[in-house]
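K.L.:
Have a look at the structure that comes next, please.
The values are calculated or read from the model by the stated rules, or taken from the named source; none is laboratory data. This is a predicted model, so every value here is computed, not measured. Note that each Cβ is placed from the backbone with ideal geometry, even for glycine, and that neighbours are counted across all protein chains shown.
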Amino acid sequence: MQKKLVLNNTYFNNNAWAVIDLGTNIVKLSLANQKGKKLVYFRNENFPVFIGKDGINKNIIQKDAEIRLFDALDQCQKIIKDENITHYQTFIVATSALRNAENGQEIALKIRQKYNFFIEIISGEKEATLIAEGVKQGFPTINEMILIMDIGGGSVEFVLTNGQKIFWKKSFEIGAARLKEKYHRSEPISDLDLYRLMIFLELELATLREICFQYCPKYLIGTAGTFETLAEIHLLNLGTPDINPHGLVLSMEQFESLHQMLINRTYEQRLQLGGLAEFRAELIVIAVCILRNVLLMTNIDKICVSEYALKEGYLQKVVFTT
């Protein structure tokens, strides 16, 4: 039976929780009901904000980006209230943009004061750990060595795990928004920029290559964002757009086809692609180029898509850790 909490003559759902992933590009809201030791998600919303725009490589969040952020949080607050969830049951987890911005703590304080939501700016290492926890919720039966990858706007996280134990994890500040300014300077992206990006990633991710050579992960699990987009384009091309992308496996051949489709199109042409949301069209090229370089340097030829990521891992820890 669903428990109810009464405050000021208003009934609140005491079994429901809200979590907001305050990312560099997108504010993501998820709502879940607690059923025993399990969270059952019943609503997900994305709000493009691009809070790193014109400031991410200067370690500052610009005023117009801050306004977009608070507009998105206003919408989140309304949804949360409409679902009768209290601010006590709402958590915000903030990542690369806020943790690196000189005014990140100041903005976090404004958020706390305006909405009375708990907000935590987490380290890159904790972000990687929580992403792995989220993937574990989506794939509870993993029993072999895998590489988890999350491509964000500000950072990219990697985790080597067998489902039970984390053997290695690292967050790199090489997110799609950070790299676009330097390596995607024309439409479509030039061969020179592709080469420059490859050289940069070869150097930046040398430790990833070494650790994967040691542990030999069988496949890559990609979380949310870029990977869901690739899955949705692929499923649309197959004529099966209604299939849930969670758990979809892409071969290297299928990925290469998607990669070529994206890098050879201009921004305007990408906007016409079915399955590609407008707010992802600007950064998807850099994101798939990062992914392709990772696959080549690790000799992984299979990608599995996970809808579960940071916010699901964060809420799992908050709700069930005493």
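K.L.:
When only residues in region 169-195 that are of a type in the set (A, V, I, L, M, F, W, C) and under 24 Å from ASN59 (Cα atoms) count, which is surrounded by the most Cβ atoms within 10 Å (Cβ to Cβ)?
P.N.:
Initially, region 169-195 is screened for residues of a type in the set (A, V, I, L, M, F, W, C), giving 172, 174, 176-177, 179, 189, 192, 194.
Add one more test, that the residue is under 24 Å from ASN59 (Cα atoms), and what stays is 172, 174, 176-177, 179.
Values: PHE172: 19, ILE174: 20, ALA176: 29, ALA177: 26, LEU179: 24.
Applying the filter and picking the extreme gives ALA176.
K.L.:
Go through region 78-118 and report how many residues are surrounded by fewer than 19 Cβ atoms within 10 Å (Cβ to Cβ), of a type in the set (S, T, N, Q) and in a helix (DSSP H, G or I).
P.N.:
2
K.L.:
A further question on this structure: Among the numbered criteria (1) assigned to a strand (DSSP E or B); (2) at pLDDT below 95; (3) not aliphatic (A, V, I, L, M), which single criterion is violated by GLU181?
P.N.:
Result: GLU181 passes all but (1).
K.L.:
Which of the following residues is closer than 20 Å to GLU181 by Cα and either at pLDDT 95 or above or not assigned by TED's automatic domain parsing to the domain that holds GLU157 (or both): LYS78, LYS53?
P.N.:
Working: LYS78 fails: closer than 20 Å to GLU181 by Cα.
Being closer than 20 Å to GLU181 by Cα and either at pLDDT 95 or above or not assigned by TED's automatic domain parsing to the domain that holds GLU157 (or both) holds for just one of LYS78, LYS53, which is LYS53.
K.L.:
In region 270-322, how many residues are in a loop (DSSP other than H, G, I, E, B) and either basic (Lys, Arg) or on the phi > 0 side of the Ramachandran plot (or both)?
P.N.:
Start the filter on region 270-322 by keeping residues that are in a loop (DSSP other than H, G, I, E, B), which leaves 272-277, 281-283, 299-301, 307-309, 321-322.
If we keep only those that are either basic (Lys, Arg) or on the phi > 0 side of the Ramachandran plot (or both) as well, we get 275, 299.
Of the residues in region 270-322, 2 are in a loop (DSSP other than H, G, I, E, B) and either basic (Lys, Arg) or on the phi > 0 side of the Ramachandran plot (or both).
K.L.:
Could you tell me which residue of region 56-75 is surrounded by the most Cβ atoms within 10 Å (Cβ to Cβ), considering only residues that are under 27 Å from TYR183 (Cβ atoms) and in contact (Cβ under 8 Å) with a residue 40 or more places away in the chain?
P.N.:
ILE56
K.L.:
Checking the structure you have, find out if any residue of region 230-250 is in contact with a Gly (Cβ under 6 Å, 6 or more places away or on another chain), within 27 Å of THR161 (Cα to Cα) and small (Gly, Ala, Ser). It would help to see each step written out before you state the result.
P.N.:
Taking region 230-250 and keeping what is in contact with a Gly (Cβ under 6 Å, 6 or more places away or on another chain), we get 232-233, 236.
Remaining after also requiring within 27 Å of THR161 (Cα to Cα): 232.
Right, trim to small (Gly, Ala, Ser) and you get none.
So far as region 230-250 goes, no, none of its residues is in contact with a Gly (Cβ under 6 Å, 6 or more places away or on another chain), within 27 Å of THR161 (Cα to Cα) and small (Gly, Ala, Ser).
K.L.:
Out of THR207, THR229, THR223, I need the residue that is at pLDDT 95 or above, surrounded by fewer than 16 Cβ atoms within 10 Å (Cβ to Cβ) and either closer than 21 Å to LYS136 by Cα or in the same structural domain as GLY175 (by TED's automatic domain parsing) (or both). Which one? Don't jump to the end; show me each part of the working.
P.N.:
Working: THR229 fails: surrounded by fewer than 16 Cβ atoms within 10 Å (Cβ to Cβ); THR223 fails: surrounded by fewer than 16 Cβ atoms within 10 Å (Cβ to Cβ).
Only one candidate passes the filter, namely THR207.
K.L.:
May I ask you to verify whether ILE67 is in a helix (DSSP H, G or I) and farther than 30 Å from PHE320 by Cα? Outline the logic, then answer.
P.N.:
Numbers: in a helix (DSSP H, G or I): yes; farther than 30 Å from PHE320 by Cα: yes.
Judged against the criteria, ILE67 is a match.
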